[in-house]
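Step one of this worksheet: look at the structure below.
Every number here is computed from the coordinates shown, using simple stated rules; none is lab data. All values reported here derive from a predicted model rather than from experimental measurement. Backbone-built Cβ (ideal geometry, glycine too); neighbour counts: all protein chains shown.
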Amino acid sequence: MLLSPLNIFKEGLIICKTNYKTFFKTIVWFLGAAVLLGLLNLLDRQTGFKYINYTFPIYLVLTAFSFVIGLWTQIILIRLINAGITKEALDKSTLQQNAWRDTVPFLWVSILTGLIILGGMILFVIPGFIFTIWYFFSLYIFSIEGTRGFAALQKSKDLVQGRFWTVVWRIILPNLFYGLMLAIIIGIPTLIIGYFTKFAEFNSTLSVGPWWFDSIQSLATIITLPLSIALSVILYKNLKEDTSTTPPTTTPTV
């Protein structure tokens, strides 16, 4: 039987609590890039963007590095979490090398998924929503099974077929729990800093928030990334292993 949304969230917390030292070693490079971008942002604001001609190229390099390392990090975390569920032993060096090898194919599956969903959104909102659910597991199927390109998207759709709304709630609710937890993690330091600064920086006419608020958001999102990924991996594995004989629910068609 499929896990309830609450149990999916609980399982994700357990996996992260048990393996967070290993996960942290994976996200540390991603964190490093975020910290450097935050410091560069602080420097520019403190100097009134006086040296933007010099710092902008550094921004570009750090942003590109953050993007690539982010893809690599996601692949490794997906495979580590899957191994944690299946109790499979992984060689760290091989895992990292394979993740670098698979970064471009991973990006390609992500682009394909995004373009199809975007196309659905342009047509109407409802097809876009349906495509989002159908192809939600494409990146996880690629990372775990090695299925590439459109085949990964088709496998994701096949996994959802017949139980569309069952899957919808098991995607939305655990991520809602995660979002609330993330809001608390971001909110507590924001309230503390804001209390001492009287939230003066939030009253600015500038369209951007204070540098420290942006930094808190980035760091909190990266630190909790293993949990965000774990929720989807757990649901994916649960759907794969589900042998329930319950009649399938209606799947929307486009």
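Observations
- Inter-probe distance in nm under a simple model that places probes 7 Å from Cα toward Cβ, at PHE129 and LEU36: 4.2
- Listed by chain and number, the aspartates and glutamates whose alpha-carbon sits under 17 Å from that of LYS155, ignoring those within fewer than 8 places in the same chain, are GLU145, GLU241, ASP242.
- Check: the range 34-126 dipole with +1 on Lys, Arg Cβ and -1 on Asp, Glu Cβ, in debye: 120
- Two-decimal ratio, the range 1-112, of alpha-carbon radius of gyration to 2.2 N^0.38 Å: 1.37
- Taking the chain and dividing mean pair separation by its residue count, relative contact order in percent (alpha carbons under 8 Å, at least six apart): 32
- Based on every Cα atom in the range 106-169, Rg and the maximum pairwise Cα distance Dmax equal 11.2, 32 Å.
- Were the residues from TRP100 through ILE188 laid out at 0.36 nm apart, the gain over their Cα-Cα distance would be 28.1 nm.
- Dipole magnitude (debye, nearest 20) for the range 1-86, charges at Cβ of Lys, Arg, Asp, Glu: 160
- Projected-area average for the chain over all orientations - Cα convex hull basis, square nanometres: 16.1
- Once the chain from LEU180 to SER4 is taken as fully extended at 0.36 nm per residue, the excess over their C-alpha distance is 61.6 nm.
- Residues with amide H under 5 Å from that of GLY162, placed H, sequence gap 5 or more: THR251
- Förster radius 25 Å - calculated FRET efficiency between ILE172 and PHE24, Cβ distance, rounded to 0.05: 0.35
- Extension gain from LYS92 to PHE67, taking 0.36 nm per residue of separation minus the Cα-Cα distance: 6.8 nm
- In a simple Cβ point-charge model (Lys, Arg +1; Asp, Glu -1; nothing else charged), the chain has a dipole of about 240 debye relative to its Cα centre.
- Estimated from the Cβ-Cβ distance and a Förster radius of 22 angstrom, the FRET efficiency linking ASP214 and ILE52 is about 0.85.
- D (Stokes-Einstein, µm²/s), Kirkwood Cα radius, the range 1-58, 1.002 mPa s at 20 °C: 146
- Vicinal HN-Hα couplings computed from phi for the range 79-86 (Karplus, 6.51 cos²θ - 1.76 cosθ + 1.60; Hz; Gly/Pro x): 6, 5, 5, 4, 5, x, 6, 8
- Per-residue ellipticity at 222 nm computed for the chain from its helices equals -27500 deg cm²/dmol, with DSSP H segments shorter than 4 residues left out and the rest contributing -39,500 (n - 2.57).
- Set LYS92/LYS237; LYS21/LYS157; LYS21/LYS50; LYS25/LYS87 screened for pairs whose C-alpha atoms are more than 31 Å apart: LYS21/LYS157; LYS21/LYS50
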